[in-house]
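Contents: one structure, followed by commentary.
The values are calculated or read from the model by the stated rules, or taken from the named source; none is laboratory data. For clarity, every value in this text was computed on a predicted model and none was experimentally measured. Cβ: placed from backbone, ideal geometry, glycine included. Neighbour counts: every protein chain shown.
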Amino acid sequence: MSRRRTTRGPMVAARGHAGGGPGAPTFPEDPDSASRPRRAGSELSARRVASFSSTGAAMAAVKTLNPKAEVARAQAALAVNISAARGLQDVLRTNLGPKGTMKMLVSGAGDIKLTKDGNVLLHEMQIQHPTASLIAKVATAQDDITGDGTTSNVLIIGELLKQADLYISEGLHPRIITEGFEAAKEKVLQFLEEVKVSKEMDRETLIDVARTSLRTKVHAELADVLTEAVVDSILAIKKQDEPVDLFMIEIMEMKHKSETDTSLIRGLVLDHGARHPDMKKRVEDAYILTCNVSLEYEKTEVNSGFFYKSAEEREKLVKAERKFIEDRIKKIIELKRKVCGDSDKGFVVINQKGIDPFSLDALSKEGIVALRRAKRRNMERLTLACGGVALNSFDDLSPDCLGHAGLVYEYTLGEEKFTFIEKCNNPRSVTLLIKGPNKHTLTQIKDAVRDGLRAVKNAIDDGCVVPGAGAVEVAMAEALMKYKPSVKGRAQLGVQAFADALLIIPKVLAQNSGFDLQETLVKIQAEHSESGQLVGVDLNTGEPVVAAEVGVWDNYCVKKQLLHSCTVIATNILLVDEIMRAGMSSLKG
C-alpha cells in the first residue's frame, strides 16, 4: 500500500504545474508523503502553490494566468531589445550624411520609392518587432517636432544600448548604467548651451544651414539649386517679430524638364486654367478679384421643387434664376470698367465656387479671365500674395477689395493646365515649383525641400546654430571624459558608455564617405585636443576641418531634442527585464 502511495506522489506534483501542459516541470516530492493519507483537493492546491513559490521557478507570473503567453525575462529580454535596436541601426546606418546611400522601397502594390531620408524610411517600412517599432516612433516624432535628426536618433539609441551591453555582460546592473546616462545627458546639454553660436540669421548663414540639410537628402548640384530657392522663399514670407508660417509656402509639382529647373515663384501657381476657350492666356498688370460666391444656379439646401402649369411659367422661372446670377456678373463687369477704363490693364476673377457657361461667356466678352473651383488653401494664399480681400458677397464690391499681380498667364503641359500669378508686390505667400522627369525624383525633392524649409525656420526661431560634420559630438565626448572622474561610483561607466556612443555620428560619416573610421576619428580627436576648436570630418578628404569655417551648421533645437529623446528611450529599454506578449486573444483559450 505504501509503495502505491509513494509512486503516486510525483504524479500528483506533476499535474499540479500551473501551466498544465505537456513537458511541464515537476516539483520536488515531499519525503513524508508516503506516511500521510491522501489530502483533500483544497489542501493539495495549497501545497502546489507553496511548492511553486518555494522553488522560485523561472516562470513569469503571467504564465500562471495565461499558459499561452510568451515571456522573455532578464538577460533574454535585454538581448532581444538590444538586438532589435542594432538591427534598425544597421538598416539606417548607411544613409547618414551627404555621402549616404539610397534605399529602394517597394510597396505591396509594386510602387517604388527611392530615398535616403530616415523619416520616410521609418514611415514606409513595415516594422514588426515591438522594440524596433518603439524606436522608429521616437525617431519619427523627432522629425515631427524639429524636421530633422531621424537617422541620428536611431543610430545613437542603438549605440547607447550597444555600449551599455558591453558593461552589462560583465555583470554591471542596468540601473547603474542608466544613472550614468542621466548624469551624462545633463552635462552634454549644458555643454551644448556653451558651444552654440548665436549670430544674426542673414541670408548667407541661412544658405549654409539649408545647404547642410539639403546635401544629406539629394546630390550636391541639386542641393545648391534648391538651397537658394528655399532660403528666398522663407525670407519672402518672414515678417518682423512674428513666427515663420511654412503653410504660406506652396510646394507645387510639375513633371517636366529636369530637377535643376526647380524655381521660386514670387506669387502663386494654380493647378488648373480658365474654363473658356476665348479667354486670354496672358494678362499683364492685372487686378485680382478673389471671391467665394456662387456664379451658377445651385439647388436649395432642403429638398424642394417648383410646379408650373404652362411653358410661359417655366420661362419665367428660368429667367428669375438667370437674373439672380446675371446681377452678380454685372457687378463684376461694372467694377472692371471702373478700375480699368480704356487702359490695357487686365482683370482676373478667381472663385472658390462654380461659374456656369453663360457667366463665363459674358466675362470673356468683357476681356475678364475667370477661374472657378480654386482650392481653399490657395484662396487663403491669394490675398496674402496679391493683396485685396476675399469676398463672400458682392453687396459691397469696391476697388479696395482688389489685389494686384504684374503677370498672370496660363501654361499647358500635356492635358494639364497651370495658372501662374507672378510679379506680386511684397508677396507674403510664395510657391516653390518643383520640376523633375519622373515621380520618384519629384517625391525625393519634395521631401528634401520640406526638410530644408524646417531647417531654415529652426535656425531663425533658435537665433543660433551649432557646428556640424560630427564636430559637436566629438567635443561632447571629450567633455564627458573630463567630467567622468567627478561622477561617483560605478555610474562613471554609464558616462563612459554615453561618450563612446556619441562618436557613432563622426564614425559613420567617415565610413559612408569611404574612409577608415578609426583612423579618421583619431585624427579629429587629436586636432580637437590641440586646437580646442570644434573640428568635424571633411567628407571629401577624410581630414579634420573646422566646421564653422566651411559653413557646415546644424540646428541647435535638433541636437537638443536628439539628446533628450535618445537618453530617455535608451534608459527605458535598458530597464526592461520582462517582455510579455499576452493579448486578450490569448486569454480566451
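Structure above, values below:
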read-out	value
Some residue of segment 406-422 being at pLDDT 85 or above, out of contact with any Pro (no Cβ under 7 Å at 6 or more places or on another chain) and part of a loop (DSSP other than H, G, I, E, B)	no
Enumeration of residues in segment 419-478 that are more than 30 Å from P544 (Cα to Cα) and among the aliphatic types (A, V, I, L, M)	I421, V430, L432, L433, I434, L442, I445
Test: residue in segment 457-474 that is without any contact (Cβ under 8 Å) to a residue 40 or more places away in the chain, under 30 Å from G536 (Cβ atoms) and not assigned by TED's automatic domain parsing to the domain that holds F347	yes
Pairs with Cβ under 8 Å, 6+ apart, first in segment 109-124 and touching a residue at least 40 places away in the same chain (Cβ under 8 Å), second charged (D, E, K, R) and outside any helix (DSSP H, G or I)	L114/K103; T115/K103; K116/K103; K116/K217; D117/K217; V120/K113
Some residue of segment 431-445 being touching a residue at least 60 places away in the same chain (Cβ under 8 Å) and in a loop (DSSP other than H, G, I, E, B)	yes
In segment 131-152, residue surrounded by the fewest Cβ atoms within 10 Å (Cβ to Cβ) [restricted to those that are touching a residue at least 60 places away in the same chain (Cβ under 8 Å) and not small (G, A, S)]	I145
Test set (1) at positive phi; (2) in contact with a strand residue (DSSP E or B) (Cβ under 7 Å, 6 or more places away or on another chain) - R373 fails condition number	(2)
Which numbered condition S233 misses (of (1) polar (S, T, N, Q); (2) in contact with an Asp or Glu (Cβ under 8 Å, 6 or more places away or on another chain); (3) buried (at least 16 other Cβ atoms within 10 Å of the Cβ))	(2)
Qualifying residue in segment 558-567 (condition: closer than 22 Å to Y483 by Cα, assigned by TED's automatic domain parsing to the domain that holds L78 and among the charged types (D, E, K, R))	yes
Search result, residues across segment 339-356 that are surrounded by 18 or more Cβ atoms within 10 Å (Cβ to Cβ) and polar (S, T, N, Q)	N351, Q352
Residue within segment 502-522 that is touching a Gly at 6+ places or on another chain (Cβ under 9 Å) and acidic (D, E) present	yes
Residue within segment 430-450 that is at pLDDT below 85, surrounded by fewer than 22 Cβ atoms within 10 Å (Cβ to Cβ) and among the hydrophobic types (A, V, I, L, M, F, W, C) present	no
Tabulated pairs, segment 568-583, first over 19 Å from L166 (Cα atoms), second assigned to a strand (DSSP E or B) and at pLDDT below 90, C-beta under 6 angstrom, 6+ apart or interchain	E578/R73; I579/A72; M580/V71; R581/E70
Some residue of segment 372-383 being at pLDDT below 85, assigned to a helix (DSSP H, G or I), surrounded by fewer than 22 Cβ atoms within 10 Å (Cβ to Cβ) and of a type in the set (A, V, I, L, M)	yes
Failed item, numbered, when V120 is tested on (1) part of a helix (DSSP H, G or I); (2) closer than 22 Å to E578 by Cβ; (3) among the aliphatic types (A, V, I, L, M)	(2)
Spans of helices (runs of 4 or more DSSP H) in segment 496-589 with at least 1 residues of a type in the set (F, W, Y), touching a strand residue (DSSP E or B) at 6+ places or on another chain (Cβ under 8 Å) and at negative phi	556-574
Residue satisfying all of: in segment 314-338; of a type outside the set (D, E, K, R) and exposed (fewer than 15 other Cβ atoms within 10 Å of the Cβ); farthest from D285 (Cα to Cα) among these	L317
Segment 508-536 residues that are assigned by TED's automatic domain parsing to the domain that holds I156 and at pLDDT below 90, paired with ones that are basic (K, R) and outside any helix (DSSP H, G or I) (beta carbon under 7 Å, 6 or more apart)	N512/K99; S513/K99
Tally of residues being among the aliphatic types (A, V, I, L, M) and without any contact (Cβ under 8 Å) to a residue 12 or more places away in the chain across segment 294-346	5
